[in-house]
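Following: one structure in structure tokens, then a few remarks.
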Amino acid sequence: MGAILLRSRIIRGEKCINHHIHSSIWSSIKGKVQVIKGNSSYVIGDGTSVNFWRDIWWGCHSIAQTLQIPDDIAFQLEAKFSDFIVQDHWHIPTDLALLFPNLQLLVEQVTIPLDPKADCLAWLGSGY
């Protein structure tokens, strides 16, 4: 219950707030958010809450990092993992496939879950 309340107070969209709130827990962990994000990876469920480009769900880096997309461009990419799934198969639009020839090969290494459930952020190496 406390985690749900804290999350509702500190998460805006996909990002953590930058300003101070009165919370002893948040004050203790806000400086560690990047460490947590850098050592976590999404376990894909339905893919609706995972940013395809910026979140880590494939390997140890985001797709944007792997394809060396500059941060100022990657910041604007809003597509979700689920946007690239059509009838339980990967669907990479032709323009993206031409722009990033390795993208199809990268994503095909990830099995699309057939049992839709919520996406989950897990610590790397936790075996989740």
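The values are calculated or read from the model by the stated rules, or taken from the named source; none is laboratory data. Predicted, not measured: the structure shown is a model, and the values here were computed from it. Neighbour counts run over all protein chains shown; Cβ positions are idealised from the backbone, glycine included.
Quick look at the numbers
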item: Where Gly47 falls short, out of the listed (1) on the phi < 0 side of the Ramachandran plot; (2) surrounded by 18 or more Cβ atoms within 10 Å (Cβ to Cβ); result: (1)
item: Meets criteria (modelled with pLDDT of 95 or more and surrounded by 13 or more Cβ atoms within 10 Å (Cβ to Cβ)) for Ser40; result: no
item: Residues satisfying the stated conditions in region 38-52, i.e. over 14 Å from Val110 (Cβ atoms) and under 9 Å from the mean Cα position of the chain (by Cα); result: Ser49, Asn51
item: Some residue of region 94-110 being assigned to a loop (DSSP other than H, G, I, E, B) and under 16 Å from the mean Cα position of the chain (by Cα); result: yes
item: Test: residue in region 25-36 that is at pLDDT below 95, under 30 Å from Leu114 (Cβ atoms) and within 17 Å of the chain's Cα centre (by Cα); result: yes
item: Yes/no for Asp83 being surrounded by 12 or more Cβ atoms within 10 Å (Cβ to Cβ), free of Cβ contacts under 8 Å to residues at least 40 places away in the same chain and not in a loop (DSSP other than H, G, I, E, B); result: yes
item: Unmet requirement for Phe81, which otherwise passes all of (1) within 18 Å of Cys120 (Cβ to Cβ); (2) of a type outside the set (Lys, Arg); (3) out of contact with any Gly (no Cβ under 6 Å at 6 or more places or on another chain); result: (3)
